[in-house]
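For reference, the structure discussed in these notes is given below.
The values are calculated or read from the model by the stated rules, or taken from the named source; none is laboratory data. As the structure is a prediction and not an experimental result, all values here were calculated from the model. Quick reminder, even Gly has a Cβ in these numbers, built from the backbone with ideal geometry, and neighbours come from all protein chains shown.
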Amino acid sequence: KAGVTQTPRYLIKTRGQQVTLSCSPISGHRSVSWYQQTPGQGLQFLFEYFSETQRNKGNFPGRFSGRQFSNSRSEMNVSTLELGDSALYLCASSLGRGDTDTQYFGPGTRLTVL
Amino acid sequence: AQTVTQSQPEMSVQEAETVTLSCTYDTSESNYYLFWYKQPPSRQMILVIRQEAYKQQNATENRFSVNFQKAAKSFSLKISDSQLGDTAMYFCAFMNQKLGAQKLVFGQGTRLTINP
């Protein structure tokens, strides 16, 4: 099976702009989770989508939003970019069941905000 | 809220040696999973091993094994016969088993270097 894919791999934006990141899960996986990784804060959970519904949300401002499509692909949007949004954004997919669930990660999107 | 602590920011061993990475966690939940992920310089997060909290038997995957002490809330990773390709950041992570609460909570990571 193909793994989790993320596009684009690298992005450079300026403050105030908005950005959309995309994640395609492993075939058959219905849950997609997003994480932000920074040197200062480490890995932090953003949100999880399952069957096109947000099922869980982390402690991030409303500028961070996401959605999931019927084919389980997910997008994450960050509006009004700030310098502190520079990070590696990782998405992970899983079956989304309560039992034996394991998240598999994509290669990440490196976002730089200037 | 759950927390995960990795007390060793960096470790370095010689190739073929055995190394143990420490992890402790705090939770009031009884049903959960614990994971070790590795993140090499490519930044791809790779699953190393998984442990279900209800299982008393420690998980093993080839050269990787864990020592899971539920009462002590400890979950260490042992790498036997270490190889150069094991050089990476290693993250310990906790996940609640409840649907709707299945986010990974990560420790700060241990940077492991395997020297030739």
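Report yes if some residue within segment A:56-77 is within 24 Å of B:Gln2 (Cα to Cα), in contact (Cβ under 8 Å) with a residue 40 or more places away in the chain and facing chain B (nearest Cβ under 10 Å); otherwise report no. For segment A:56-77, residues within 24 Å of B:Gln2 (Cα to Cα), in contact (Cβ under 8 Å) with a residue 40 or more places away in the chain and facing chain B (nearest Cβ under 10 Å): absent. Restricting attention to segment A:23-50, the residues that are within 17 Å of A:Asn77 (Cα to Cα) and among the β-branched types (Val, Ile, Thr) total 1. I'd like the full set of residues that are touching a residue at least 60 places away in the same chain (Cβ under 8 Å) and assigned to a strand (DSSP E or B), limited to segment A:4-23. Within segment A:4-23, A:Thr5, A:Gln6, A:Thr7, A:Tyr10, A:Leu11, A:Ile12, A:Lys13, A:Val19, A:Leu21, A:Cys23 qualify. Taking A:Gln36 as meeting all but one of (1) closer than 24 Å to B:Leu34 by Cβ; (2) surrounded by fewer than 21 Cβ atoms within 10 Å (Cβ to Cβ); (3) more than 8 Å from chain B (Cβ to nearest Cβ), write down the number of the exception. With respect to (1) closer than 24 Å to B:Leu34 by Cβ; (2) surrounded by fewer than 21 Cβ atoms within 10 Å (Cβ to Cβ); (3) more than 8 Å from chain B (Cβ to nearest Cβ), A:Gln36 is out only on (2). Screening A:Leu43 with (1) farther than 25 Å from B:Gln2 by Cβ; (2) of a type in the set (A, V, I, L, M); (3) not in a loop (DSSP other than H, G, I, E, B) gives one miss only, at (1).
Scanning segment B:1-13 for residues that are in a strand (DSSP E or B) and within 12 Å of B:Phe94 (Cα to Cα) yields B:Thr3, B:Val4, B:Thr5. Let me spell it out: the conditions are (1) among the β-branched types (Val, Ile, Thr); (2) touching a strand residue (DSSP E or B) at 6+ places or on another chain (Cβ under 8 Å); (3) in contact (Cβ under 8 Å) with a residue 12 or more places away in the chain, and A:Thr102 meets all of them except one. Which number is the exception? So A:Thr102 meets the others, but not (3).
At least 1 residues being within 13 Å of another protein chain (Cβ to nearest Cβ) and either modelled with pLDDT under 95 or surrounded by 17 or more Cβ atoms within 10 Å (Cβ to Cβ) (or both) is the threshold, and among the strands (runs of 3 or more DSSP E) wholly inside segment B:14-55 those reaching it are B:32-39, B:46-52. Screening A:Asn77 with (1) more than 12 Å from the chain's Cα centre (by Cα); (2) farther than 27 Å from B:Gln97 by Cβ; (3) outside any loop (DSSP other than H, G, I, E, B) gives one miss only, at (1).
Would segment B:56-66 turn up any residue that is within 14 Å of another protein chain (Cβ to nearest Cβ) and buried (at least 16 other Cβ atoms within 10 Å of the Cβ)? Yes; the residues of segment B:56-66 include at least one that is within 14 Å of another protein chain (Cβ to nearest Cβ) and buried (at least 16 other Cβ atoms within 10 Å of the Cβ).
Taking A:Ser79 as the residue in question, decide whether it is over 18 Å from B:Arg43 (Cβ atoms), surrounded by fewer than 16 Cβ atoms within 10 Å (Cβ to Cβ) and not β-branched (Val, Ile, Thr). Yes: the conditions hold for A:Ser79. The number of residues in segment A:100-114 being surrounded by fewer than 20 Cβ atoms within 10 Å (Cβ to Cβ) and within 10 Å of another protein chain (Cβ to nearest Cβ) comes to 6.
May I ask you to list the residues in segment B:76-104 that are within 14 Å of chain A (Cβ to nearest Cβ) and surrounded by fewer than 21 Cβ atoms within 10 Å (Cβ to Cβ)? Those that are within 14 Å of chain A (Cβ to nearest Cβ) and surrounded by fewer than 21 Cβ atoms within 10 Å (Cβ to Cβ): B:Met89, B:Asn96, B:Gln97, B:Lys98, B:Leu99, B:Gly100, B:Ala101.
Taking the numbered list (1) part of a loop (DSSP other than H, G, I, E, B); (2) surrounded by 14 or more Cβ atoms within 10 Å (Cβ to Cβ) in turn, B:Ala71 passes all entries but (2). Looking across segment A:79-99, just one residue is within 8 Å of chain B (Cβ to nearest Cβ) and hydroxyl-bearing (Ser, Thr, Tyr), and that is A:Ser94.
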